[in-house]
Amino acid sequence: MFMRLVQVKVKPEKSGEFRDLYNDKILPALQETPGCLYAALIVNEPRHDECISMTLWDSLEHVVAYSGSERFRNLLAESRPYLSDSSEWKVQLSQDLTLEYSPVPEEPVITSYNVSTPLDEQISLDQDSLCVRLVSIKTHPDRRDEFVKLYRNDILPALHEIPGCRYAYLNENMQAENEFISVTVWNSKEDADRYEQSGLFDQLISKIKHTFTGLFQWKMELDKGRQQAVTSDDLKVQGYTLVTGKTFR
């Protein structure tokens with residue numbers, strides 16, 4: 001199974017219209033796409049202009065076929081009026097030799113992941129307002145296999161016992177070696193916050209932190225006395241609210 005994330009920035013005044021577009025056009029189109037098992041729109045909690053379309057697929061072949069399809073290009077074209085312009089500006093001379101400035105549209109960030117741990121075949125995330133928590137991790141090249149084994153044997157069983165945790169699975173980045181995303185889905189933001197504030201998150205990280213790159217361990221030492229979650233290039237925690245989603249089979 002494969003996970004595909006398409007990350008976009010939406011104009012704040014267009015956020016409601018973009019969600020309607022996703023619900024009315026993108027979800028039905030994905031439902032008709034061979035190999036697509038599930039699709040959802042999740043929104044960054046602190047920054048509501050950052051959205052991610054999260055899809056699950058039967059196989060890599062289905063992902064590749066859709067990524068190069070006219071259907072995907074058409075959906076992207078329909079989405080563009082709602083997307084923010086980037087901070088870059090394109091400057092060119094017009095026919096009358098005056099300078100023209102035009103903003104460059106923010107391009108979606110698209111990443112595909114191999115689901116590295118078993119995923120419940122009966123997964124159902126159709127309920128709105130679930131909390132999706134993404135923890136991105138970089139591992140030391142020599143510790144990759146050890147990290148995956150520890151996640152499967154120690155982290156997953158522990159997460160399944162935590163109240164409010166509905167699903168948990170590990171994904172390996174297909175474009176960058178030794179990069180993973182741990183996805184957990186919670187019944188509510190309060191459940192996810194309670195888990196992180198309880199100290200359980202730090203306890204689980206302590207089981208696997210020796211598999212991370214040296215930069216993370218060095219920052220852990222520097223930040224040991226600070227009462228906040230440690231984030232770095234090697235461990236990033238982001239919370240998202242699921243605003244719409246649908247299981248196709």
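The values are calculated or read from the model by the stated rules, or taken from the named source; none is laboratory data. Just so it is clear, the structure is predicted and the values come from calculations on it, not from any experiment. Virtual Cβ from ideal backbone geometry, glycine too; neighbours counted across all protein chains shown. Protein only, heavy atoms only, side chains kept; ligands, DNA and RNA dropped before computing areas. Shrake-Rupley method; radii C 1.70, N 1.55, O 1.52, S 1.80 Å.
In table form, for the structure just shown:
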{"read-out": "The lone exception for SER232 - which of (1) open to solvent by less than 20 Å² (accessible area, probe 1.4 Å); (2) in contact with a strand residue (DSSP E or B) (Cβ under 8 Å, 6 or more places away or on another chain); (3) modelled with pLDDT under 85 it fails", "value": "(2)"}
{"read-out": "Residue list for the range 1-14, restricted to those being touching a residue at least 60 places away in the same chain (Cβ under 8 Å) and under 14 Å from TYR82 (Cα atoms)", "value": "GLN7, VAL8, LYS9, VAL10, LYS11, LYS14"}
{"read-out": "Filtered residue count, the range 147-162, keeping only those that are among the acidic types (Asp, Glu) and open to solvent by 70 Å² or more (accessible area, probe 1.4 Å)", "value": "1"}
{"read-out": "Looking only at the range 163-201, and only at residues there that are aliphatic (A, V, I, L, M) and open to solvent by 20 Å² or more (accessible area, probe 1.4 Å), the one that is nearest to SER59 (Cα to Cα)", "value": "MET174"}
{"read-out": "Members of the range 147-195 that are of a type in the set (A, V, I, L, M, F, W, C), in contact (Cβ under 8 Å) with a residue 60 or more places away in the chain and outside any strand (DSSP E or B)", "value": "PHE147, LEU150, MET174, ALA192"}
{"read-out": "Subset of the range 55-71 [assigned to a helix (DSSP H, G or I) and either under 18 Å from the mean Cα position of the chain (by Cα) or among the aliphatic types (A, V, I, L, M) (or both)]", "value": "LEU60, VAL63, VAL64, ALA65, SER67"}
{"read-out": "The range 50-61 - residue that is charged (D, E, K, R) and open to solvent by 40 Å² or more (accessible area, probe 1.4 Å) and, of those, modelled with the highest pLDDT", "value": "GLU61"}
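Per-residue answers, yes or no, for (1) under 29 Å from LEU170 (Cβ atoms); (2) aromatic (Phe, Trp, Tyr); (3) open to solvent by 30 Å² or more (accessible area, probe 1.4 Å):
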| site | (1), (2), (3) |
| --- | --- |
| GLN7 | yes, no, yes |
| GLU13 | no, no, yes |
| ASP24 | no, no, yes |
| LEU27 | yes, no, no |
| LEU37 | yes, no, no |
